Amino acid sequence: ALKFDINKIRNDFPTLNQTINGCPLVYLDSAATSQKPQSVIDTITEFYTFQNANVHRGRHTLSEQATYSYEQVRDKTAQYFNVFSKEIVWTKGATEAINLVANGLKKRLNESHTIMISPLEHHANIVPWQIVSQQTGAKLIALPLNKNGTLNTKECCEFIKETKPALLAITQASNTLGNITDLKPLIRAAKDVNSLVLVDGAQGALHLKPDLRELNCDFYVCSSHKMLGPTGLGVLYGRYEQLNTLDIYQSGGEMIDKVYLTHSTYRPAPAKFETGTPNISGVLGFGAALDYLNELDHAKIQQYEQKLFSYAAQKLVKVDGITIYSNLSDNIGTLCFNLNDEHPYDLATLLDGYGVAVRSGHHCTQPLMTHLGLNGTLRASFCFYNTYEDVDIFIDSLKKCIALLD
Ligand code: PMP
């Protein structure tokens, strides 16, 4: 049976316990960024209060302790994803991680190559590939997408096998729809034709906790701030032989082996990708976020999130005038919808008046919006710290907004 102490969890997240516009906050924007447990906040404060020192530099006590704690989080991250520590590179976010890979592959790409993305991608997994395509002559193409925004796995596998892309860059779950990509068959098809595979795990890393060894992708990116951790930190996983042969993206101190006035040699991965003073407090905060997630147990989180999502979807479907664009099965807990032809911003502003925080707009997925024939939508995204009461307030507030608009 599900033992999930939601009251305790709510108390761990201070931001959730406040009123907005005189109403209790109902935070339904975790796909944009998750809230942070007190332990993450405390870890960051403690670092600056008692432990502050730079890493990998000094031999003094504080520096050695900072380096040790910092590297321990790399180990924890590797464990979370079931990969090796030397396969984890710190970046400033999922966006920078994708840019790192795109730039690192550039020298290998030319007119004979194809880069394949999907129409579901966040702009962060589109624009870097457009630029690399312009710079190298490699062709950029997209997988076919059903009218309703779902990928037909079989059709996509056939397309991959026919096209034989040099690289497939695809999201684990759509940030706009919440739809989960059936990655395993797609990766198998890509591997059958020797394609590299990059998975954008910005939305999947928390809700789906992938075993990356089993998933068998070459690169995986995600952001700490969507996984209960601080902003300004991202994770790049690279299969070691792929990571180590990737060209460097930025350069300077720390990533070098020997520097002469005219040239330098670099350290092996992951060090060769980590130049300059890193986001030390961010890494430590992310470590606390992983500890929090590990303590909760992923199976319980997922079970709770799925039940909450079904409850919300069932209620939203019944509201007059609402169209839902999300797939209601295989979803990480995101509801993408519109009300008749009301502008999503208007409804989001009205909902905010009731303390309900939802996202509105194109969600950094303009090609998907074009595909669906929309200018924008509302998006309510759920996390395990949301409650059934949040759902009830959201739906009741939505009905009040609809009455106001009538
Ligand atoms: N990919 C997806 C699917 C996302 O949802 C996001 C964040 N909205 C990103 C990439 C970019 O992540 P970040 O802004 O943290 O770099």
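The values are calculated or read from the model by the stated rules, or taken from the named source; none is laboratory data. Not measured: the values here are computed from a predicted model. Please note: Cβ atoms are built from the backbone with ideal geometry, for glycine as well, and neighbour counts cover all protein chains shown.
Annotations
- Residue match in region 225-232 (condition: within 23 Å of GLU155 (Cβ to Cβ) and in a helix (DSSP H, G or I)): no
- Residue match in region 74-85 (condition: within 16 Å of the ligand (Cβ to nearest atom) and in the same structural domain as MET255 (by TED's automatic domain parsing)): yes
- Failed criterion for ALA380 (all others in (1) in the same structural domain as PRO24 (by TED's automatic domain parsing); (2) in contact with a helix residue (DSSP H, G or I) (Cβ under 6 Å, 6 or more places away or on another chain); (3) closer than 30 Å to PHE81 by Cα hold): (2)
- Restricting region 257-283 to residues that are closer than 19 Å to GLY238 by Cα and small (Gly, Ala, Ser), the residue that is surrounded by the most Cβ atoms within 10 Å (Cβ to Cβ): ALA269
- Among the residues making up region 105-160, a single one is out of contact with any strand residue (DSSP E or B) (no Cβ under 8 Å at 6 or more places or on another chain), closer than 16 Å to ALA173 by Cα, assigned to a helix (DSSP H, G or I) and polar (S, T, N, Q): THR153.
- Selection within region 90-99: residues that are in contact with a Phe, Trp or Tyr (Cβ under 9 Å, 6 or more places away or on another chain) and not in a helix (DSSP H, G or I). The member of this set that is farthest from the ligand (Cβ to nearest atom) is TRP90.
- Residues being more than 17 Å from ILE187 (Cα to Cα), among the hydrophobic types (A, V, I, L, M, F, W, C), away from the ligand (no atom under 16 Å from the Cβ) and touching a Leu at 6+ places or on another chain (Cβ under 9 Å) - total across region 114-165: 2
- Residue within region 265-278 that is touching a Leu at 6+ places or on another chain (Cβ under 6 Å), under 24 Å from SER34 (Cβ atoms) and at pLDDT 95 or above present: no
- Residue within region 106-117 that is out of contact with any His (no Cβ under 7 Å at 6 or more places or on another chain), farther than 23 Å from GLU162 by Cβ and not charged (D, E, K, R) present: no
- Qualifying residue in region 14-31 (condition: assigned to a helix (DSSP H, G or I) and either outside the structural domain of PHE394 (by TED's automatic domain parsing) or acidic (Asp, Glu) (or both)): no
- Residues that are within 22 Å of ASP257 (Cβ to Cβ) and either in contact with a strand residue (DSSP E or B) (Cβ under 7 Å, 6 or more places away or on another chain) or in a helix (DSSP H, G or I) (or both), drawn from region 47-89: SER63, GLU64, THR67, TYR70, GLU71, ARG74, SER85, LYS86, GLU87, ILE88, VAL89
- Test: residue in region 269-287 that is small (Gly, Ala, Ser) and outside any helix (DSSP H, G or I): yes
- Scanning region 205-233 for residues that are within 13 Å of the ligand (Cβ to nearest atom), farther than 20 Å from TYR27 by Cβ and surrounded by fewer than 23 Cβ atoms within 10 Å (Cβ to Cβ) yields a total of 2.
- Scan of region 161-186 for residues that are part of a helix (DSSP H, G or I) and either farther than 27 Å from ARG379 by Cβ or basic (Lys, Arg) (or both), ordered by number: LYS161, GLU162, THR163, LYS184, PRO185
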